[in-house]
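Worksheet for the structure shown next.
Values in this text are rule-based calculations from the coordinates and carry no lab data. Note that the structure is predicted; figures quoted are calculated from it, not measured. In this analysis, Cβ positions are derived from the backbone assuming ideal geometry, glycine residues included, and neighbour counts consider all displayed protein chains.
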Amino acid sequence: MRPPDLTQVTSIKNIKTRFAPSPTGRLHLGHVLSAFLVYAIGKKVSAQLFLRIEDHDQGRSRQSHIDGILEDLTWLGFHFESSHIYLQSDHFDRYESYFQKLHELGYTYYCDCSRKTISRRIGTDKSQLTYDGYCRNRNLGPGEGRGVRIRQESYTFSWKDLFLGPQVQTFDGLTGDPLIRERQGNWTYQFAVAIDDLVESMNLIIRGEDITHATGGQSYIKSLIHGKDCGAVYGHHPLIVGPDHLKLSKRLRSTTISSLREQGIEPEEVFRQIAKEIGIGERKNPIGLSELIEEYWNGRT
Ligand SMILES: [Zn+2]
């Protein structure tokens, strides 16, 4: 994983970036890679570093996981100023007020369709469901068991990804209107993240490439509020997967950081594994976070 060219980042003023884990479990090596890249790139461009705990889904988030994530990050050596650490659950009023704004403008509507009724209506498997717009013009009001969807109009978003290169995502009106609030009342990932990134002026967004598909939709939501996309730089990094590494690091890959710690493994051992994942090579010796950041950038050719 070659360190990215940061030319497009250095022209930004007041750079802000965030590491944003969901407290639905404990951190594992994949999270550490993500935190490392946010941290290494953020430090390189003198960004303000934020830790956003994405507990928008109150059904799946646990306080014990929030505490555990903070503990793991501290143990690994990641430092976030206390004023730069927050929970999405602190922002429920924020999401409500932006939803109301969008609703007044006619961009959203209530929907009472369950996945089951949608799949019955359009005749496809639940796993391949594209919402058919059934409630778009029903003028439903709020109520028990009603979610909220956003009208997804034609929209194209292109960006130069720090890791993936040029990207284009197009919505042609056939992609289905995404939920911004579920029928059970949870704000969706897509909405909560778009609103937080917009309100907090996050302009450097580093995350795993499994999230790439969500970027155009988040840009669309931001553009409805802001009038246009607000011009963040995105970098979707490769994940820790693949048969090449499976044999060597299966134990580290599938184990949580807390259980590694309990086994007596040191942070430097964890970062040695990260060094291998980002292509700094087979290291004989363990390596600390600061040293790894330095080697990461020295490895740039
Ligand atoms: Zn519906």
- prompt: Scattering from the C-alpha atoms of the stretch 53-109 alone, worked out with Debye: what is log10 I(q)/I(0) at q = 0.17 1/Å?
  reply: -0.69
query: Just the projected area, averaged over all directions, of the convex hull on the alpha carbon atoms of the stretch 1-47: how many nm²?
result: 3.9
Simple spin-label estimate for I12 and E71 in nanometres, 7 Å along Cα-Cβ: 3.3
task: Can you tell me the relative contact order of the chain? Whole percent, Cα pairs under 8 Å, sequence separation 6 or more.
output: 22
task: Calculate the length of the line joining the C-alpha centroid of the stretch 1-47 to that of the stretch 167-225, in whole Å.
output: 19
task: Report, in degrees rounded to the nearest 10, the 0 to 90 angle that the Cα long axis of helix 29-44 makes with the longest principal axis of the chain.
output: 80
task: Stick to Cα atoms and the Kirkwood definition of Rh, then tell me Rg/Rh for the chain.
output: 0.99
- prompt: For the stretch 1-145, what is the Kirkwood estimate of the hydrodynamic radius, computed as the reciprocal of the mean inverse distance between distinct Cα atoms, to one decimal in Å?
  reply: 18.8
statement: If exposed means GluC sites (Glu not before Pro) lying in a DSSP loop and surrounded by at most 11 other beta carbons within 10 Å, then the longest stretch of the chain lacking such sites spans residues 145-281
